[in-house]
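Input: a single structure, listed below in structure tokens.
The values are calculated or read from the model by the stated rules, or taken from the named source; none is laboratory data. The structure presented is a predicted model; accordingly, all values stated were derived computationally and were not measured. We place every Cβ from the backbone using ideal geometry, glycine too, and count neighbours over all the protein chains shown. Just so you know, the surface numbers come from the protein's heavy atoms only, side chains and all, with ligands and any DNA or RNA stripped out. Shrake-Rupley method; radii C 1.70, N 1.55, O 1.52, S 1.80 Å.
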Amino acid sequence: MNSKLELAGALVLDAWRKLRYPLVPSLVLALIVAAAAVAVFATSGLALASQQRALERLNSPEGRMIVVSDSNGNARIDPASVAVIETLSGVEWAVGVGPSRTVAAGAFQGGPSVTAREIFGDLPPVVENLERRSLLPGQAISGPGVAQQLGFEDSTGHVTDGVFAADVVREADVAPPLSSWNDEIIVVSSGQTSPVTLLVSVTDIHQLQPVQLALRASIIAENPNDLAFEIDDGLAQLSQDVIDDLAASSRQTVSALLALVALLVAAVQFGRVTSMAREIGRRRALGATRSMIVGSVLLGSGFAAALGAVVGTAAGVAITYTVAQAVPRLEFILSVPVLLLLTALVGAALPAIRASRLDPVAILRVP
């Protein structure tokens, strides 16, 4: 076992040292692989980086929203549906929303009025500047400036419409897709009413349709058939079409480049084997087996290709980022040098086999 390991180690060291003898074929092979890596990133890599930026724009908070409405009030959604929805796979957050009301400050009869809405469940993450998401029933938050509009000096106060009442406990900013709440007062429901709308945000636009199907089976309502579901199907389909089209184009481009690399590597290695024929003949005469010759040629090709792949990948990533201000996914970046290395080894296989079959007697007879 130790002798085999020593032999393998010696073979690897020998292949590494012979990269410089002759030097030109090794440099040419490395340059071929490096150029191929740059070409892959300049074509498919750039397209994938641009695709990634486009998908990030498509994957906006508004595009990831599912709106479930009980516009006629016949469905009678159970508030417990919110907790059930939050457990579904692919759901980022969910909240129930009641009908809007017009309220005014409790201490100022006939004063300024604003819109108030009841919510069911915890405040979603898009409500910012909050230390905690759970408020007590009847407590409320106000959008920026709304409390001052009502005459509250410290952003807190009591609002009412004569029947409905709530206590505003703090001010908060609300980010998209619920930025309209910035002009309203949002009240945690006391449980005396039911939501008329369910707002569900998914983690990714590709989850829109699966989550919608899950919602139909999960929402608790007296008449679920009266519920209306709104999603942006076109956005999800557009995103998938972009991915499919670019994936097909990238496969064709990369396949053509890999085939070209294999042919060029084979040509270079055939020339290298020819120039090293006498060296190979001497090694065969001294007892080197055919498998050792094959391994030596493949290892030499692998070392040169690995050097070129690393340099080319680094240059390709830099070029892609400079042009697109983005880089492809890590999986793509890592796969490029691996594929190029494997391709180089495939291209070097026939020259390696030819080198192992050279007749040492015939070669060494030639003066």
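Things to note:
- The one condition in (1) crowded, with 20+ Cβ neighbours inside 10 Å; (2) part of a loop (DSSP other than H, G, I, E, B); (3) of a type in the set (V, I, T) that V103 fails to fulfil: (2)
- Failed item in (1) open to solvent by 20 Å² or more (accessible area, probe 1.4 Å); (2) in a loop (DSSP other than H, G, I, E, B); (3) of a type outside the set (S, T, N, Q), with G63 passing the rest: (1)
- Count of residues meeting criterion [part of a strand (DSSP E or B) and within 15 Å of D183 (Cβ to Cβ)] in the stretch 145-169: 2
- When the criteria are applied in full, G162 meets the requirement of being more than 22 Å from V68 (Cβ to Cβ), out of contact with any helix residue (DSSP H, G or I) (no Cβ under 7 Å at 6 or more places or on another chain), exposed (fewer than 14 other Cβ atoms within 10 Å of the Cβ) and free of Cβ contacts under 8 Å to residues at least 40 places away in the same chain.
- Failed item in (1) at pLDDT below 85; (2) assigned to a helix (DSSP H, G or I); (3) farther than 17 Å from S26 by Cα, with I333 passing the rest: (1)
- All positions within the stretch 75-100 that are under 21 Å from A228 (Cβ atoms) and part of a helix (DSSP H, G or I): S81, V82, V84, I85
- Count of the stretch 346-367 residues which are open to solvent by 60 Å² or more (accessible area, probe 1.4 Å), farther than 18 Å from R284 by Cβ and at pLDDT 80 or above: 2
- Any chance E153 is within 18 Å of G106 (Cα to Cα), surrounded by fewer than 22 Cβ atoms within 10 Å (Cβ to Cβ), out of contact with any helix residue (DSSP H, G or I) (no Cβ under 6 Å at 6 or more places or on another chain) and at pLDDT below 90: yes
- When restricted to residues that are modelled with pLDDT of 65 or more, over 30 Å from G300 (Cβ atoms) and open to solvent by less than 40 Å² (accessible area, probe 1.4 Å), the stretch 230-266 contains 2.
- Of all residues in the stretch 165-179, those that are open to solvent by less than 40 Å² (accessible area, probe 1.4 Å) and in contact (Cβ under 8 Å) with a residue 40 or more places away in the chain total 6.
- Each residue in the stretch 267-313 was checked for being in contact with a helix residue (DSSP H, G or I) (Cβ under 8 Å, 6 or more places away or on another chain), open to solvent by less than 60 Å² (accessible area, probe 1.4 Å) and not aliphatic (A, V, I, L, M), and 15 of them qualify.
- Residues in the stretch 182-216 that are open to solvent by less than 10 Å² (accessible area, probe 1.4 Å) and more than 22 Å from the chain's Cα centre (by Cα): I185, I186, V187, P195, L198, L215.
- Of all the listed residues (S81, S142, S89), the sole one being open to solvent by 30 Å² or more (accessible area, probe 1.4 Å) and either within 35 Å of the chain's Cα centre (by Cα) or modelled with pLDDT of 90 or more (or both) is S89.
- Look at (1) crowded, with 21+ Cβ neighbours inside 10 Å; (2) at positive phi and you find that R76 fails only one, number (1).
- Test result for V317, open to solvent by 50 Å² or more (accessible area, probe 1.4 Å) and either modelled with pLDDT of 90 or more or not aromatic (F, W, Y) (or both): no
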